[in-house]
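Novice: Take a look at this one; I'll ask things after.
The values are calculated or read from the model by the stated rules, or taken from the named source; none is laboratory data. Since we're looking at a predicted model, the values are computed, not measured. Here Cβ is always computed from backbone atoms with ideal geometry, including for glycine, and neighbour counts include all displayed protein chains. Surface accessibility is based on the protein's heavy atoms, side chains included, excluding ligands, DNA and RNA. Shrake-Rupley method; radii C 1.70, N 1.55, O 1.52, S 1.80 Å.
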Amino acid sequence: MSPVFPMLTVLSMFYYMCLRRRARTATRGEMNSRRAIESNTRALPINVEIVQYAKEVLDFSSHYGSENSMSYTMWNLAGIPNVYPSSGDFTQTAVFRTYGTWWDRCPSARLPFKRTPSTFCSQDYVELAFEEPVYPTAVHILETYHPGAVVRILACSANPYSQNPPAEVRWEILWSEAPTKVNGPQARQFTPCIKQINFPTNLIRLEVNSSLLDYYTELDAVVLHGVKERPVLSLKTSMIDMNDIDEDEDEEKYGCGMDTLNKQFSIVTLREWPTNGYFDKLPYELIQLILSHLAVPDLCRLAQTCKLLYQHCCDPLQYIHLSLQPYWARINDTSLEYLQSRCTLIQWLNLSWTGNRGAISVSGFSRFLKVCGSELVRLELSCGHFLNETCLEVITEMCPNLQELNLSSCDKIPPQAFNHIAKVRSLKRLILYRTKVEQTALLSILNFCSELQHLSLGSCVMIEDYDLIASMMGAKCKKLRSLDLWRCKNITESGIAELASGCQLLEELDLGWCPTLQSSTGCFTNLARKLPNLQKLFLTANRSVCDTDIEELAANCTHLRQLDILGTRMVSPASLRKLLESCKDLSLLDVSFCSQIDNRVVLELNANFPNVFIKKSFTQ
């Protein structure tokens, strides 16, 4: 045979693979930044581009502001810019609740879940609806203070204004990147290069990570650019990477991330091999240890290789701690059903952000907990909008060993449902931030859950009398170590006195934006004298905090690590120097908008106490 023919055969195969690659790309209509065909491309046909601001804020995980106000709330992201291009701290912007790593360094900090993929670093999110569904061509994010928090932008196939909800809801990542440090707090327009998707969207989700920021990030508006007709990419290209083709073949075969998780869980046909190689010679425990470093999708893929590894990958010991939050967009009833047999020994479960828009039903969640809830110690359900009273009843019945329950921003749970939590008497941590828990239910919880050590009641607007709540805490919750009363509107010096007398183990107390507390009543000096173990104290936006309060903290709370006195007019540089000299462990001091503490004083304090991060915010 002529040597030409093998060469022609190879060239033909290469050409065939190139055509398949092009066909798949055109069919899916999507390219990520690494695979984008950058040479000689153009969109056909040319469409008129539609530019629109967000019409409505549909959902979010947290915000700095109040539930009854517009200041610093996520709702400020709707509509045209209020502040941009100005820089600085403005109440008309959207601000998330946390920044930096300070929240990971306080007594209430929670241990992270293992096996969280390195590609998932999101801490908060906000979902925005736009008027017209379009094929996105650009997303502009107007950041007005400490930019750089946005790490992912996603688009949803569901139209929030459609009368007919789709049978399947798809989320596609338009852009994703690890957190980066941005030099300077000045405003900017952030326009990342997004990939194309094969469906029109008017629902955009931003996910943020503020861990590298020196202060709260502030967002002013989001602009969506897009066209009504789907762009068709030209196939002209100068080069196709052979490695790109191979990787795409692998992706087509095994699926990407959680897209085919349900299918992978249900695989029963395994490859038959004469031996299992060297794995037959390894101790069972060693193989288990090796596999413990794999993420859930990797375990699913590995389970398809041979019977031995299938046995290991399905062993319930691999699922003692399981976080499904990184895969929130793909988790549904079917996923939970396939996981049931593997999670019979599960102790930590994170379902935060999952199940919304009908992905998880009440019956599906209940079936899962009835099989897998008996050993649960920690259950994370933040932003789980599928949760209702039935779900809480199932949790309290099926999880007798539960010690930690996170219902943060589960604002769809009706007020009366929280009564069920009082049945879980082993609770040590309860997070009810931005929920509709009412006073009667909370009093019942405090009365029966005397083991509580960490309690978050931030932005719980339906509680009528926080003094009564504080009195019950002082009487029943003697082991309390951290308490979040952020933006509680009616606690007074009476409630603070009851709290300080009864909960003397408190190490962390957040009284930020509690306007009914006045320094003249002696409430803050009483706190300082009764709570010598305090490590974190937030008195944010309390204008009455004065030198006497700071000096009492310096004298009695020498373990203090974080102090926020933003907005006070009555604290002098001299009292701050006493505090810094006395509290050797102090690492965060927020004196933003403190009228007596100007930039010159901050520079001087920074020079004399270099280990303390002293924050002074500004407005231009």
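The rows are residues; the columns are (1) more than 18 Å from the chain's Cα centre (by Cα); (2) assigned to a loop (DSSP other than H, G, I, E, B); (3) closer than 20 Å to SER456 by Cβ.
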{"residue": "LEU369", "(1), (2), (3)": "yes, no, no"}
{"residue": "GLU375", "(1), (2), (3)": "yes, yes, no"}
{"residue": "PHE386", "(1), (2), (3)": "no, yes, no"}
{"residue": "LEU402", "(1), (2), (3)": "yes, yes, yes"}
{"residue": "ASP411", "(1), (2), (3)": "no, yes, yes"}
{"residue": "ALA422", "(1), (2), (3)": "yes, no, yes"}
{"residue": "LEU427", "(1), (2), (3)": "yes, yes, yes"}
{"residue": "ARG434", "(1), (2), (3)": "no, yes, yes"}
{"residue": "LEU442", "(1), (2), (3)": "yes, no, yes"}
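Novice: Is one or more of the residues making up region 102-114 farther than 21 Å from CYS514 by Cβ, outside any loop (DSSP other than H, G, I, E, B) and not acidic (Asp, Glu)?
Specialist: Scanning region 102-114, I find no residue that is farther than 21 Å from CYS514 by Cβ, outside any loop (DSSP other than H, G, I, E, B) and not acidic (Asp, Glu), so the answer is no.
Novice: ILE496 fails exactly one of the following numbered conditions: (1) open to solvent by 30 Å² or more (accessible area, probe 1.4 Å); (2) out of contact with any strand residue (DSSP E or B) (no Cβ under 7 Å at 6 or more places or on another chain). What is the number of that condition?
Specialist: (1)
Novice: Among all residue pairs at least 6 apart or on different chains, which show Cβ distances below 6 Å where the first residue, located in region 71-82, is of a type in the set (Gly, Ala, Ser) and the second is not in a helix (DSSP H, G or I)?
Specialist: Note: pairs meeting the criteria are SER71/GLY65; SER71/THR91; ALA78/ALA54; ALA78/GLU56; ALA78/VAL57; GLY79/TYR53.
Okay, residues lined up against (1) at pLDDT 95 or above; (2) surrounded by fewer than 17 Cβ atoms within 10 Å (Cβ to Cβ); (3) within 27 Å of VAL296 (Cα to Cα); (4) of a type in the set (D, E, K, R):
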| residue | (1), (2), (3), (4) |
| --- | --- |
| TYR145 | yes, no, no, no |
| ALA221 | yes, no, no, no |
| GLY226 | yes, no, no, no |
| ASP241 | no, yes, no, yes |
| ILE245 | no, yes, yes, no |
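Novice: A further question on this structure: So in region 295-319, with the set limited to residues that are hydrophobic (A, V, I, L, M, F, W, C) and touching a Cys at 6+ places or on another chain (Cβ under 9 Å), which one is most open to solvent (accessible area, probe 1.4 Å)?
Specialist: LEU302
Novice: Here is a follow-up. Could you please tell me which pairs satisfy a Cβ distance under 9 Å, a separation of 6+ or placement on different chains, a first residue in region 323-340 that is touching a residue at least 24 places away in the same chain (Cβ under 8 Å), and a second residue that is of a type in the set (D, E, K, R) and in a helix (DSSP H, G or I)?
Specialist: ASP333/ARG367; LEU336/ARG367; GLU337/ARG367; GLN340/ARG367
Novice: Then there's this: Filter region 158-181 down to the residues that are touching a Leu at 6+ places or on another chain (Cβ under 8 Å) and either part of a loop (DSSP other than H, G, I, E, B) or not charged (D, E, K, R) (or both) and list them by number.
Specialist: Hits for region 158-181 are ALA158, ASN159, PRO160, TRP171, ILE173, LEU174, PRO179, THR180, LYS181.
Novice: Got at least one residue in region 73-95 being aliphatic (A, V, I, L, M), open to solvent by 30 Å² or more (accessible area, probe 1.4 Å) and in contact with a helix residue (DSSP H, G or I) (Cβ under 9 Å, 6 or more places away or on another chain)?
Specialist: Checked against the condition, which is being aliphatic (A, V, I, L, M), open to solvent by 30 Å² or more (accessible area, probe 1.4 Å) and in contact with a helix residue (DSSP H, G or I) (Cβ under 9 Å, 6 or more places away or on another chain), region 73-95 yields no hits at all.
Novice: Here is a list: LEU509, LEU499, LEU480, LEU468. Which entry is assigned to a loop (DSSP other than H, G, I, E, B) and modelled with pLDDT of 95 or more?
Specialist: Only one candidate passes the filter, namely LEU480.
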